[in-house]
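Report on the following structure.
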Amino acid sequence: MSVSFLSPWAAAVGALALLAVGLLLASERRSRALCGLLGLAPRPGSSLAVDVGALLAVGALLGLAAAQPVVADVRPISGRTDAEATVVFDISRSMLARRERSAPTRLDRARALAKELRGGLPEVPVGVSSLTDRLLPHLFPTLSANAFAATADRAVGIERPVPDRRAERATALGALGDLGRQNFFGRTARTRVALVFTDGESVPFSLGELRALLLGGRVAVYFVHTWDPDDRVYGSQGAPERYRPDPRSRAVLDRVAIEIGGGVFTENEVGPALSALRRRLGEGPVAPRGRELQAVALAPYAVFGAALPLALVLLRRNF
């Protein structure tokens with residue numbers, strides 16, 4: 001276990017507490033002088049010491065929070081040896097669509113949902129792939145939640161790479177057949193599941209060929225229909241483009257799911273989607289599968305701790 005600071009120089013902000021202490025002592029000096037003139041007893045030195053100590057504690061804790069301390073520890077992790085999953089992100093340009101200019105895009109929504117679903121499968125190795133008119137792996141199935149999040153955030157982007165097909169539609173759901181014939185899953189994974197985030201707006205494809213490839217590779221496919229009828233693609237100047245959501249896209253996904261035995265869920269059905277995945281994955285042997293860096297940020301706790309002596313100072317000054 002180790003402790004590191006992400007912004008150590010920011011701890012200097014805690015020095016502002018010295019200014020507060022200086023102002024408090026100056027105020028106390030004037031108060032004592034006034035008490036002497038009026039013949040009143042000044043407050044005990046112990047009371048002043050409490051206020052000074054509380055202010056110094058506030059400064060120390062806020063300085064610690066500003067330095068952003070992080071406790072890190074590398075721990076062994078265990079996971080399934082017989083089951084793997086991969087998350088497939090549709091990265092065609094239509095996934096830039098959003099409900100309004102300031103709203104998250106379809107891809108942004110897909111990333112958030114994927115992380116939530118991945119968190120519900122901690123014992124299953126999960127990979128990341130992208131889909132346009134071809135299917136590309138970005139991360140092979142792993143138990144590392146950190147690697148999954150980093151890949152989804154940094155490696156997955158709209159038309160990265162650019163699709164071979166340069167047309168109004170670039171998504172080809174038929175490319176999902178590569179899940180069954182390429183090495184997207186490990187050899188020991190008898191149970192194989194793909195979770196596809198897509199708007200379902202695909203070019204025509206051979207459903208029979210797709211079914212044969214997926215069944216041959218023992219791959220179950222579930223879709224999260226990342227789509228809304230009010231979604232629009234906004235250009236660089238902020239004006240909506242000609243794109244309009246295809247209302248037939250859900251029917252396409254439903255038909256594929258019926259043929260291959262998977263399922264289709266909306267963006268609001270995270271719970272049912274996770275339940276379906278867990279049923280499909282079932283239970284199996286678990287064994288050590290490497291190590292994972294576990295990091296905990298301490299800054300929120302330091303800020304919360306600073307609120308306590310600050311509240312003490314305010315209460316003593318007001319009552």
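Volume of the convex hull of region 1-105 (Cα atoms only), normalised per residue: 258 Å³. Taking 7 Å steps out from each Cα toward its Cβ at residue 244 and residue 108 produces label points 2.5 nm apart.
The ranking of 162, 124, 52 from fewest to most other beta carbons within 10 Å of each one's beta carbon is 162, 52, 124. I want to verify a result. In a Gaussian network model of the chain, Cα cutoff 10 Å, which of these has the top mean-square fluctuation: 248, 111, 211? Fluctuation is largest for 248.
Taking all C-alpha pairs of region 114-255, those more than 26 Å from each other amount to 27 percent.
For the pair residue 43 and residue 164, label points projected 7 Å from Cα toward Cβ lie 7.9 nm apart. Of 171, 188, 198, the residue with the greatest mean-square motion in the GNM of the chain, using alpha carbon springs below 10 Å, is 188.
Centroid-to-centroid, using Cα positions, region 167-215 and region 6-52 are 69 Å apart. Packing order of peptides 258-266, 18-26, highest average first: 258-266, 18-26 (average count of other Cβ atoms within 10 Å over each peptide's residues). Sorting 68-75, 92-99 by their mean Cβ neighbour count within 10 Å, with the most densely packed peptide first, gives 92-99, 68-75.
What the Cα atoms of the chain give is an Rg and a Dmax of 28.6, 100 Å.
Mean Kyte-Doolittle of at least -1.0 and a Cα length of 15 Å or more along the axis: which whole DSSP H helices of the chain meet both? Helix filter hits for the chain: 16-38, 45-66, 106-119, 249-260, 270-281, 299-318.
Shape summary: region 182-319 maps onto an equivalent ellipsoid whose semi-axes, from the alpha-carbon gyration tensor, are 44, 28, 14 Å in decreasing order. Extension gain for residue 34-residue 297 works out to 89.9 nm (0.36 nm per residue, less the C-alpha to C-alpha distance).
Under a Gaussian network description of the chain, with springs only between Cα atoms under 10 Å, the residue in 156, 256, 286 that fluctuates furthest is 286.
The mean sequence separation of alpha-carbon pairs under 8 Å and at least six residues apart, normalised by the residue count of the chain, gives a relative contact order of 25 percent.
Computed from the coordinates by the stated procedures, all read-outs in this text should not be read as laboratory data. Everything numeric here is computed off the predicted structure, so don't read it as measured data. Neighbour counts are summed over all protein chains in view; Cβ atoms, including those assigned to glycine, are modelled from backbone coordinates with ideal geometry.
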